[in-house]
Amino acid sequence: QEHSLLYFSKLDLQEQLTEAGQMLAQLESEFKQLDSDLQIQLEQSNYESLEQIQVLLELHARKAEMQALMLKLQQKLDDYPAQIEKINKQLDAERVHVSGAETLEGVVIQLRDKTVQMEIVAAELLTLEKKLAEQQQLLVDNTQLLQDIEQHNQIVQAAQAEILEIADEPENIFRRRVQMGVADKLLLATNRFLNKINGRYQISILHSDLGLAIEISDSKQENSKRALKSLSGGETFVVSLAMALGLSEIANNGRAIDSLFIDEGFGSLDAETLYTVVTTLENLKAQGKTVGIISHVEAIKQQIRTQVELVKQPNGMSRIILQKEVSGESVLETS
């Protein structure tokens, strides 16, 4: 009779374990679905529509339900080792009180059955421990997921507050605020290129009721502030080039501009300014950018190793001459 009770207890435990496994499988499926939804939302984190934001809010609303279910499963998994230990103790007690009248063969058979049961229980215990570890990992993942949702909720609230502010804001003030934001982005990009070109100048914006004013900080003059009109021709070229590169990067949605062409603009520059311009362009080339220059200035042509020259023929046609250096020697190709 005691053997029967133990056997049915084992069956009950197995049935409970099966139910727990099904619940865990369902929970894992829900977590996978939630994770998939979150990944989609994160990849489209520009929040182009309120429907995307609503998905995150719905996930957040299920936080309490998911935590309660996980705590319930955790409690069941925690109870299983104690129940198994109780059965083990009962088996040990039976071994002690085995009737002396029983034959050795019967005792061996019972011992073999108990050994098999112990092996089954040990295997079930390992399975439960594995599922418990998986459950704990799911709990960690869920915590991170809830933190991400909370962060997105904060972003949504900030965006909604900004939308309300924009709706109540006069058009001229909104337009000015947008212009100031774009100007700040342009300033950051321009200063980044200025650091790469020569590291001497930095641009800052002066905000006033009259509009936006630009001033230059010169590191070689103890970071003194200079007006744009105080810059020389070469300095103006450096600042203008950096600003053009920054504006191109902004217009290109932050992607780097690897090639640029400069058409003329060198004829009125003196020798010192021309040297500054050429040095600046060489620095850009050293950073991996391809720089093309269209110019008739002989001093510029002398600094360029690879040249494409367009020569007009007497018959009105034109001939292209490609001049480049190969292993330190000049090579001409015509077409």
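The values are calculated or read from the model by the stated rules, or taken from the named source; none is laboratory data. A quick note: this is a predicted structure, and the numbers were derived from the prediction, not measured. Ideal geometry is used to build each Cβ from the backbone, glycine not excepted, and the neighbour counts take in all protein chains shown.
Look at (1) loosely packed, with under 13 Cβ neighbours inside 10 Å; (2) at pLDDT 80 or above and you find that Gln307 fails only one, number (1). Of Glu150, Glu134, Glu129, all but one fail to be more than 30 Å from Gln16 (Cβ to Cβ) and part of a helix (DSSP H, G or I); the exception is Glu150.
Going by what's in this entry, would Leu194 be described as in a strand (DSSP E or B) and either over 37 Å from the mean Cα position of the chain (by Cα) or not acidic (Asp, Glu) (or both)? No. Could you say whether any residue in region 237-250 is farther than 29 Å from Phe266 by Cα, surrounded by fewer than 16 Cβ atoms within 10 Å (Cβ to Cβ) and either of a type outside the set (A, V, I, L, M, F, W, C) or not assigned by TED's automatic domain parsing to the domain that holds Leu284 (or both)? Checked against the condition, which is being farther than 29 Å from Phe266 by Cα, surrounded by fewer than 16 Cβ atoms within 10 Å (Cβ to Cβ) and either of a type outside the set (A, V, I, L, M, F, W, C) or not assigned by TED's automatic domain parsing to the domain that holds Leu284 (or both), region 237-250 yields no hits at all. Please identify the pairs in which a residue from region 89-109 that is within 24 Å of Ser9 (Cβ to Cβ) has its Cβ atom under 7 Å from the Cβ atom of a residue that is modelled with pLDDT of 65 or more, counting only partners at least 6 apart or on another chain. Here the result reads Gln90/Leu6; Leu91/Lys114; Val98/Val107, each pair linking region 89-109 to a residue that is modelled with pLDDT of 65 or more.
Among the residues making up region 42-82, those that are at pLDDT below 65 and out of contact with any Asp or Glu (no Cβ under 9 Å at 6 or more places or on another chain) are Gln44, Ser45, Asn46, Tyr47, Glu48, Ser49, Leu50, Glu51, Gln52, Ile53. Of all residues in region 241-265, those being modelled with pLDDT under 75 and in contact with a Phe, Trp or Tyr (Cβ under 9 Å, 6 or more places away or on another chain) number 1. Given the criteria of a type in the set (D, E, K, R) and modelled with pLDDT under 75, does Asp270 qualify? So Asp270 passes the test. The set of residues in region 292-303 that are more than 14 Å from Thr273 (Cβ to Cβ) and crowded, with 16+ Cβ neighbours inside 10 Å contains only Ile293.
Restricting attention to region 200-225, the residues being exposed (fewer than 12 other Cβ atoms within 10 Å of the Cβ) and either assigned to a helix (DSSP H, G or I) or touching a helix residue (DSSP H, G or I) at 6+ places or on another chain (Cβ under 7 Å) (or both) number 2. Identification of strands (runs of 3 or more DSSP E) wholly contained in region 232-316 with 2 or more residues that are closer than 17 Å to Ala189 by Cα and within 41 Å of the chain's Cα centre (by Cα) yields 259-263. Of all residues assigned to region 104-126, at least one qualifies as being under 25 Å from Gln26 (Cα atoms) and loosely packed, with under 11 Cβ neighbours inside 10 Å.
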